[in-house]
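Student: This is the structure I want to talk about, given as structure tokens.
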Amino acid sequence: MKNKSLLWLLFGATGACLLPWYALEDGFWAFTWIRSLSDPEYPSALVLILEQSHWWLMPPLVALVAGFIAIMLPMGRKGLSRMLIAVSLLGSFFVIVQGFAIGLNEPKIFLSLLEGSSAANGQPGLGVGAIMLIASFLYLLTIGIAGLKKGTADIFIIGLIGTIITLVGVFVFFPIAHVLITAFETADGGYGASRFFSRYFSGEVWGLNCLVGDGVCGPAINSVFLATMTGVGTTLLGLTFALIATRTRFRAKRLLRILTVLPIITPPFVIGLALILLFGRAGVVTEWSYALFDIEKSRWLYGFTGVYLSQLLSFTPIAFLVMIGVVEGVSPSMEEASQTMRATQWQTFTQVSLPLMRPGLANAFLLGFIESLADFGNPLVLGGDFSVLSTEIYFAIVGAVADTSRAAVLGMVLLTLTITAFLFQRWWLGKKSYATVTGKADSGQNSGLNSGLKWACYLVAIPWAVFTAIVYCMIVYGSFVKLWGYDNSFTLEHYISTFGVKTEGGLRFVGSAWDSYITTLQIASIAAPLTALLGLLTAYVLVRQRFAGKDLFEFSTMLSFAIPGTVVGISYILAFNVPPIELTGTGIILIIAFMFRNMPVGVRGGIAAMSQLDKSLDEASITLGANSFTTLRRVIAPLLGPAILAALIYSFVRAITSVSAVIFLVSAKHNMATSFIVGRVENGEFGIAIAYSTVLIITMLAAILLLQLIVGKRKLRKDTRVQNTENKTRLVQANI
Amino acid sequence: MKKRTALGITLFGLAVHSQAVFAAEELNVVCSAEQSWCDLMVAGFEEQTGVEVAMVRKSTGEALAQVRAESKNPKIDVWWGGTGDPHLIAASEGLTQASGVDTTDLLGWSVNLSNISDGKTVGIYAGALGLAYNSELLSEKNMKAPACWKDLVDVQYAGEIQVANPNSSGTAYTELATFVQLFGEDEAFSLLADIGKNVNQYTKSGSAPSKAAGRGETAISIGFMHDMVKLASSGFPLVIVAPCEGTGYEVGAVSIIDKAKNLESAKKWVQYSLDPATQSRSVEVGAYQVPSNSKSTVAPESPDLATIKLIDYDFATYGSTDTRERLLSRWDADVKNAPKN
Amino acid sequence: MNTKSASVKLDNVTKNYGAVTAVINLTLAIKAGELVTLLGPSGCGKTTMLRMIAGLEEVTSGSIQFNDLDVTDQSATYRNVAMVFQSYALFPHMSVLDNVSYGLSVSGFEKKKIKAKALAGLAMVGLTGYESRMPSELSGGQQQRVAVARAVVLEPEVLLFDEPLSNLDAKLRRHVREEIRQIQQELGLTAVYVTHDQEEAMAVSDKIVVMQRGEIAQAGSPSDLYQSPESAFIADFIGDANVIPCTTVSTDKNTAVISVDGVLINSTAAKTISTPLNLVVHPQNIRVSNEESTTSLAGKIQHAAFLGSHIEYEVKTEVATLFVIDNQMQSRYQKDDSVFAHLPKNKTSLVPA
């Protein structure tokens, strides 16, 4: 314990005495601070105190010194722990207070205290030195807490929980608090609850006129209806695809898999545009059915139907990714047990396999539901007059009457809906155990599907797959025609203008999309592993550890997913534009936004996968002398292969395709692909938008294949064996 | 020997240091015009001044939201392009600062904008509001071509007109304000409600209706004529109509953000964007708006503002928050959910 | 003798799960190199006890010592223990060799040594040649042996078994338990073994601790428990003894005369002779015949089962239904035959009712 404390104290001391205390103009990664550690331009806290009389930085350093003294003193474990907790709490308190007290240009609070001091000119945001000091206080705190607890308390686990809580606090709660405060703003700029409640419960939001009377429903009602339908639809489709992929000998499985993954890697708006070109009033299908069957050309696509269709196309893959892990995870012996009890394949499926997939079904539904609530691209393109909360929020912020307060209230409505769905899911799953992968090796075969169910799956999945395929053909086709939907002559012009290169005088990337393309790939490849790591570690803590406030902790990690991207974007600007944490205009803010927005998917997937791993595997590892970290690394992580892959792919892809949060966070230096595409769509340059999207889709496909190769498949049974009913029948006949 | 090494290191250090100082002239631009136009502006400006420009394209609403959110510590120096109303709002909220640019060569509507805003925003282009119809669809359905705003009331256009929602679109708000200025408030709203009977959808975005008309998703659209010209010149069967009663217009603007970190470069940008040579190039990227400098050349395809009956659009009144909120809430009550034909 | 084996001392250990108390004030000493079985019906707290020794559960109060060193506050990682799980808990993604090497490699042995030790461990359980198989390619018994090898190669201070044989068939169970016992004795390991099967407990243990509702009902060598149970529960649980209500007629220093429904027999005196009393008689010590004697009780055969090596009877008498095992197999009785059950003159003990 003393050694670990000393290590972290030294870490903090390095941050405080050697590294620049303030955030740097060029950014940390420019490493300009390295060649000028002594340069007064990049002073450490120590230098600031000594040379520039920034006396307010003294208290944290004093706390750090107190920490050093504490570990020198001859003290018992409990005493030292208490000392460490006190030192670290005080230290971080002082850092935070000085950060908020002295703003960028002037002091904000304690004005009389700071008057006339060097604080009068303000200070920039916290830099790498400050972050190291805060981290050192955080881990001293967790070491202290671990020291106070007895028995199985594990420094790694407590440190992990502390890290996650701190990160979620800073990057979820802190910005969201900014928006919530805005929700309670009154018309005159003050704060009060009465306007909030009248707006929250207003008939404009919750109106039921589409059910009674002949008006339209409020966006909240529309959103709930759409989200429920989408949740159910995507879960069923996802299950169907998962069953075909794992339980049948369907020949074109690989193709099917690619098709089900395609929509997830499609930039926003593209599916909507393709649907318009197929089913819009001037769409291909509409024209044909008019020419062939004289079916009236109508605008049926615009409204609920179109949004629902495009959401099904967009979100089925997420359900599929969740379901496939779960379907694969159902222990064959359970199904075999059922079959030996004279259950038919159908009975086995409905009474054994399906209930065992309950966590997967619940998670898939929850994801579909929340995705649909937060989706903003599809309703924007296809919604017509069917208004949903996400678009209402967006236009409350950017519309002709910009009203952030109204947006915040609508955001609260959306949040309420998500929380309700989350609680409903918890209630439905209950406290049952769904562990089926135990340490006892399983060599059985997963039950095949009975032929009725198999054909039902095929009947649903194949037309859907064909439909998806057509939509994608339309997209690729669209990128090669001059004027999509009007002049269909072949051209390469869209690709040349976006991704053109010139070779004369060296390779030059002259296409207009290169900048945003490279930035996007960089940011997505940094964000993806961090997101997956954060998500799965959180899942590990949630599934395997018991601690006070766990439910609240789980909920808080889901929060950022529940909040619409637009609100997240605005909240990040509000929270991170000024010191102490100044991140706007950097690439880091995009990475962080992606991490905390997409982490919940890693968490859900990780929880679903981990609740199928028997706890005795962890315990075996621990009793064999491994610590929690080794156990996590060598036992749990390898068994979570599919979940890790899913989390990596999902976060990578989401970083590339998400738009609503990004719109407010992209900066001149860090522009993202989606924001570029949206601009093109707005200007009707569909060809360019589609060509860019096609390139992105291909990039993501390549990345996914690469990831699949790297992470590999989980090797539990030597190969996936699916009972082959035909073979069996043949054997039986041969015996007769 | 030692001395020489030390000298070398010092010189190298100086070189690195000075480089860091002199390369610092840069400019952050948020651009609310079309991407290709933004790209053209940036390339030209960099070439002419040597200032390094970082540019991001955002719609006017998004740009305003960002400027507002970042007001305490702006990351943007200049906001270029996009309809004038949000620029005026930003000026009245103190989010932008006067550029002190010379306006002598500018056309009246541009100077007007500058005067209303105490020089905080200047007009760079203008575009008139108009109608467009899909000629193929119209003949297929045997509908007469509309010539005036009032023609749109005709029941033959039932379900064939598309226009944006003024709550979300600046274009549609310009239309609403134009109607009020043309016909007086009460008549304007009853006319809008009557036209509303034929509207198939109030879109979120102002440019969406014309695109839909171009592709044949709707027969008639209301929007800015330069957008229509661009669609028509790229090949869509759109016919553009300047309504007989007269019409309003938008003025695209440029503003320098308050507390801009690169104020000098920002001023250069404003100067550059009003330069006739710059403005005359806009047609290269299919921007058919009318430029604000009287010495700029106007593209032949551009709607000729001289032949269009333009109203004397009152930007000060209709750009004010009070008028805006009153008109929009009346629109919500009278027009939005009007029964359809 | 393995010099690493530790003695284990549990001192007033209590475990609460919220309002539920799983283990109450349990005190127990285990000598180094001894195999102690925790035996009891399910829910008696034996597995909780084992997990507390392993460090997988925190104790609510009390202390645990290995070799007089207090390990109460150490987590499982830092206690020198190894455990064989009921489900084996073999890592499904690792080969047999990797499974056995795991504990060694996380303890930081050098690679060569790890492999040698792991191979030796596999040889010990007779699985040489299976190194590269995956666990799913082994039979239940083989998996069980891998689990044992994986635990043993670490030469733990204390080796723990959590119902290790419950997933095996009867024949294999007997075989594997003998192997476990043999390995434990050869290496001189301190072992704690949890089971609910009394026969298994008798076969492997140096000492059996019978637990009931979170407390020790009785602890002692297998023969102690068998021959002198201290309660009706122990008598019944160990060796299926008949527990017959009786009264004391007279006592002297070492023996007592007991009356069972009027039949007088001698018995070793219980520590406190109190009434009511129960007489404990093992089934193989009761004889069934057609003739009456001074120690016989009249009864009727209620159930008879021929089991090859012996016959089992249930005889209903006035005082109790007696379970009898006839190893002599000289006569065969059918259901409903009237017979006499002869109680033995000695080989009985007394427990409080």
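The values are calculated or read from the model by the stated rules, or taken from the named source; none is laboratory data. Note that the coordinates shown come from a computational prediction; the quantities given were computed from them, not determined experimentally. Every residue, glycine among them, receives a Cβ derived from its backbone with ideal geometry; neighbour counts consider all protein chains shown. Note: areas computed on protein heavy atoms with side chains; ligands, DNA, RNA excluded. Shrake-Rupley method; radii C 1.70, N 1.55, O 1.52, S 1.80 Å.
Student: What percent antiparallel are the DSSP beta bridges of the protein assembly as shown, to the nearest 5?
Tutor: 70
Student: I would also like to ask the following. Please report, as a whole percent, how much of the solvent-accessible surface of the stretch A:204-461 comes from carbon and sulfur atoms (probe radius 1.4 Å).
Tutor: Carbon and sulfur atoms account for 64 percent of the accessible area of the stretch A:204-461.
Student: Lys and Arg at +1, Asp and Glu at -1: add these up for the other residues within a Cβ distance under 14 Å of A:Y540 and post the number.
Tutor: Around A:Y540, the charge tally is +4.
Student: Taking a 28 Å limit on the Cα-Cα distance, which of the listed pairs A:K4/A:K149; A:K253/A:K550; B:K58/B:K230; A:K108/A:K669; C:K253/C:K300 fall beyond it?
Tutor: In this structure, A:K253/A:K550; A:K108/A:K669; C:K253/C:K300 lie more than 28 Å apart at Cα.
Student: Let me ask something else about it. Return the aspartates and glutamates within reach of C:K112: Cα separation strictly under 20 angstrom, same-chain partners fewer than 8 residues apart disregarded; answer none if there are no such residues.
Tutor: Candidates past the 8-residue exclusion: C:D98, C:E131, C:E155.
Student: Of C:E179, C:E318, C:E230, which has the largest mean-square fluctuation in a 10 Å C-alpha GNM of chain C?
Tutor: Taking springs between Cα atoms under 10 Å, the residue moving most is C:E318.
Student: While we're on this one: Using protein heavy atoms only (no ligands, DNA or RNA), what is the total accessible area buried between B and A, 1.4 Å probe, nearest 100 Å²?
Tutor: The buried area between B and A, both sides summed, comes to about 4500 Å².
Student: A further question on this structure: Can you give the mean number of other chain Cβ atoms that lie within 10 Å of the Cβ atoms in peptide A:610-621?
Tutor: 5
Student: Take peptides C:105-117, B:244-256, C:237-249 and line them up by average Cβ neighbours within 10 Å, highest first, as a rough protection proxy.
Tutor: B:244-256, C:237-249, C:105-117
Student: For the stretch B:224-329, what Kirkwood radius comes out of the mean inverse Cα-Cα distance, in Å?
Tutor: Over the stretch B:224-329, the inverse of the mean reciprocal pair distance is 16.4 Å.
Student: On to the next question. Would you work out what percent of the accessible area of chain C, with all protein chains in place, is carbon or sulfur (probe 1.4 Å)?
Tutor: 47
Student: Working from the alpha-carbon coordinates of the stretch A:204-461, get Rg over Rh, Rh being the Kirkwood radius.
Tutor: Rg divided by Rh gives 1.04.
Student: Enumerate cysteines in the protein assembly as shown without a disulfide-compatible partner, where compatibility requires another Cys Cβ under 4.7 angstrom.
Tutor: A:C17, A:C457, A:C473, C:C44, C:C246 - these cysteines have no disulfide-compatible partner (Cβ-Cβ under 4.7 Å) in the protein assembly as shown.
Student: Please state the charge dipole magnitude for the stretch A:515-735, taken about the Cα centre, from unit charges on C-beta atoms (+1 on K and R, -1 on D and E), reported in debye and rounded to the nearest 20.
Tutor: 940
Student: Which of the listed residues, C:L122, B:A219, C:S63, is farthest toward the dipole's positive end in the protein assembly as shown, when Lys, Arg count +1 and Asp, Glu count -1 at the beta-carbon?
Tutor: C:L122
Student: If you average the alpha carbon positions of the stretch C:1-78 and of the stretch C:280-337, how far apart do those two centres end up, in angstrom?
Tutor: If you average the Cα positions of each part, the centres end up 43 Å apart.
Student: Hey, another quick one. What's the average, rounded to a whole number, of partner chain beta-carbon atoms within 10 Å of each residue's beta-carbon in B:195-204?
Tutor: 3
Student: On average, how many beta carbons from a partner chain sit within 10 Å of the beta carbon of a residue in C:74-82?
Tutor: Average neighbour count from other chains, rounded to a whole number: 6.
Student: Among the aspartates and glutamates, which fall within straight-line cross-link reach of B:K197, defined as a Cα-Cα distance under 18 Å, with same-chain neighbours fewer than 8 residues apart omitted?
Tutor: A:D214, A:D385, B:D151, B:D154, B:E160, B:E175, B:D186, B:E187, B:E217, B:D332, B:D334
Student: Quick one: if the Förster radius is 30 Å, what FRET efficiency do A:L354 and A:L701 give, using the C-beta to C-beta distance and rounding to 0.05?
Tutor: Between A:L354 and A:L701 the formula returns 0.40.
Student: Placing unit charges on C-beta atoms (Lys and Arg positive, Asp and Glu negative, everything else neutral), compute the dipole magnitude of the stretch C:195-353 about its Cα centre in debye, rounded to 20.
Tutor: Using only the charged Cβ atoms, the result is roughly 340 debye.
Student: While we're here: As a quick test, which of the pairs A:K297/B:K144; A:K297/A:K482; B:K144/B:K204; B:K309/B:K336; C:K171/C:K207; B:K75/B:K295 have an alpha carbon distance above 30 angstrom in this structure?
Tutor: B:K75/B:K295
Student: Follow-up question, since we're still on this one. Of the candidates B:S92, B:S210, B:S139, which one comes out as most mobile in a Gaussian network treatment of chain B with C-alpha springs shorter than 10 Å?
Tutor: With Cα springs under 10 Å in chain B, the top fluctuation among B:S92, B:S210, B:S139 is at B:S139.
Student: What residue among B:V270, A:G606, C:V153 has its Cα farthest toward the positive end of the dipole of the protein assembly as shown, where the charges are +1 on Lys, Arg and -1 on Asp, Glu, each on the Cβ?
Tutor: With unit charges placed on the Cβ atoms, the residue in question is C:V153.
Student: Counting only other residues whose beta carbon sits under 9 Å from that of A:N671, what net charge do I get with K and R as +1, D and E as -1?
Tutor: Result for the local shell: +1.
Student: Here is a further query. What percent do you get for the relative contact order of chain A when only Cα pairs under 8 Å and 6+ apart count?
Tutor: With pairs under 8 Å counted, the relative contact order is 16 percent.
Student: Also: Summing +1 for each Lys or Arg and -1 for each Asp or Glu, what net charge is found among the other residues whose Cβ lies under 15 Å from the Cβ of A:G500?
Tutor: Cβ neighbours under 15 Å give a net charge of -2.
Student: Continuing with this model, one more query. To the nearest 10 degrees, how steeply does helix A:270-279 sit against the main Cα axis of chain A, on a 0 to 90 scale?
Tutor: That works out to roughly 20 degrees.
Student: Now for a separate question. Name the residue farthest towards the positive end of the dipole of the stretch A:204-461 from the options A:G383, A:F279, A:P359, assuming +1 on Cβ of Lys and Arg, -1 on Cβ of Asp and Glu, about the Cα centre.
Tutor: So the residue we want is A:P359.
Student: Based on the alpha-carbon gyration tensor of chain A and its eigenvalue square roots a ≥ b ≥ c, which shape applies: rounded if a/c is under 1.5, prolate if not and a/b is larger than b/c, or oblate?
Tutor: In terms of gyration-tensor shape, oblate.
Student: Taking amide H positions as placed in the peptide plane 1.01 Å from N, state which residues far from C:S221 in sequence (5 or more) or on other chains have amide H under 5 Å from it.
Tutor: Counting only residues 5 or more places away or on other chains, the set is C:I208.
Student: Given a 1.4 angstrom probe, what's the average accessible area per residue across the stretch A:515-735, in square angstrom?
Tutor: Result: 32 Å² per residue.
Student: Apply 1/(1 + (r/R0)^6) to the Cβ-Cβ distance of B:D186 and B:K295, taking R0 = 51 Å, and write down the FRET efficiency to the nearest 0.05.
Tutor: E between B:D186 and B:K295, to the nearest 0.05, is 0.75.
Student: I would also like to ask the following. Rounding to the nearest 20 debye, state how big the charge dipole of chain B is about its Cα centre with +1 on each Lys and Arg Cβ and -1 on each Asp and Glu Cβ.
Tutor: For this selection, approximately 1220 debye.
Student: Tell me, which residues of the stretch C:51-73 get at least 40 Å² less accessible area when the other protein chains come in, versus the chain alone (1.4 Å probe)?
Tutor: C:L56, C:E58, C:D73
Student: Taking only Cα atoms and a 10 Å spring cutoff, compute GNM fluctuations for chain B and point out the largest among B:I89, B:I76, B:I220.
Tutor: B:I89
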